[in-house]
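Just dropping this structure here.
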Amino acid sequence: MTTPIATTESSKHQLVLDFERMANRSFELCMQELMKVDFYAGLLRRLEAGQSIADELPVVANMSPELVKLTVQRLKKQAELAANEAWELPNELKGSFVTTVRSAVTQGELIPQYCVDYVAETKVGQVRVKAKNWRRNVTVEVDGSAEAIKAAYVQMVFAGLQAS
């Protein structure tokens with residue numbers, strides 16, 4: 001007769017898996033918002049060239065050109081902000097990690113490169129989770145002592161339980 005052996009993944013491995021899942025979701029949300037930015041930028045170019053956008057957006061037919069332009073500019077700005085906010089952690093984890101989002105557009109590339117740092121301060125040390133993308137590939141690295149990583153993972157688990 002065989003007996004089952006209880007195994008668990010390491011806290012570091014579990015953090016990597018969880019942050020990879022969240023980073024991939026964030027990347028997809030970010031791309032959706034960046035498509036909106038491109039759409040609104042195209043509308044602004046047409047408006048600045050004196051063309052009407054009423055054929056695509058009939059709702060603007062009765063609006064003044066200045067109001068239409070201001071509305072499109074506002075929507076473009078909202079989409080730009082939402083693209084960066086897509087990298088934020090869920091509300092239940094915001095108290096455990098501080099998020100820093102940096103992005104750069106490399107010449108010749110269509111997709112910006114994002115480098116997002118999530119830093120958790122625990123009683124036993126700091127944990128830094130770094131999510132990066134290159135084109136559509138997202139990678140996650142976790143740095144910190146084994147004790148600090150375990151403590152950060154425990155914080156995440158408790159935060160998730162409290163949110164449920």
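Looking at segment 26-134 only, what percent of DSSP beta bridges run antiparallel? Nearest 5 please.
Taking every DSSP beta bridge within segment 26-134, about 100 percent pair in antiparallel fashion.
Counting only heavy atoms of protein chains, what accessible area per residue, in Å², does the chain have with a probe of 1.4 Å?
Values: 10650 Å² over 164 residues.
Roughly 65 Å² per residue, with all protein chains present.
Holding the Cα-Cα limit at 24 Å, pick out from 76/130; 12/123; 130/150; 36/130; 12/36; 69/132 the pairs that are longer than that.
Listed pairs above 24 Å: 76/130; 36/130; 12/36; 69/132.
While we're here: Within the chain, what is the longest stretch that has no GluC sites (Glu not before Pro) placed in a DSSP loop and near at most 12 other beta-carbon atoms within 10 Å?
The answer is 110-164.
Also, quick follow-up: How high is the relative contact order of the chain, in percent, with contacts defined as C-alpha pairs under 8 Å that are six or more residues apart? Numbers along the way, then the final one.
Details: 203 pairs, mean separation 37.8, N = 164.
Result for the chain is 23 percent.
Figure the gain on full extension for residue 103 and residue 32 (residue separation times 0.36 nm, minus the Cα-Cα span) and round it to one decimal in nm.
Contour length minus Cα-Cα distance gives 24.0 nm.
Counting pairwise Cα distances across the chain, what percent come out greater than 27 angstrom?
43 percent
Return the carbon/sulfur percentage of the accessible area of the chain, one whole number, probe 1.4 Å, all protein chains in place. Each step should come with its number before you reach the end.
Working: 5780 of 10650 Å².
The value for the chain is 54 percent carbon and sulfur by accessible area.
Right, another one. For segment 15-90, what are Rg and Dmax over the alpha carbons, in angstrom?
16.2, 53
Same structure, new question: Could you pull out which residues in segment 124-146 have an amide N less than 15 Å from a spot 7 Å beyond the Cα of residue 10, following the Cα-Cβ vector?
Counting only backbone N, you get 128, 141-146.
Rank 122, 106 by accessible area, highest first, at a 1.4 Å probe radius? Don't skip to the answer; put the middle values down first.
Details: 122 20, 106 60 Å².
My answer, sorted largest first, is 106, 122.
Calculate the dipole size of the chain relative to its Cα centre from +1 charges on Lys and Arg beta carbons and -1 charges on Asp and Glu beta carbons; express the result in debye to the nearest 20. Present the calculation step by step, with values, prior to reporting the outcome.
Working: 19 positive and 20 negative charges, 28 e Å.
Here the size comes out at about 140 debye.
By how many degrees, 0 to 90 and rounded to 10, does the Cα axis of helix 65-85 deviate from the longest principal axis of the chain?
Approximately 10 degrees, to the nearest 10.
The values are calculated or read from the model by the stated rules, or taken from the named source; none is laboratory data. Since this is a predicted model, take the numbers as computed values, not measurements. Glycine gets a Cβ as well: all are built from the backbone with ideal geometry, and neighbour counts include every protein chain shown. These area figures cover heavy atoms from the full protein model, side chains too; ligands, DNA and RNA do not enter into them. Shrake-Rupley method; radii C 1.70, N 1.55, O 1.52, S 1.80 Å.
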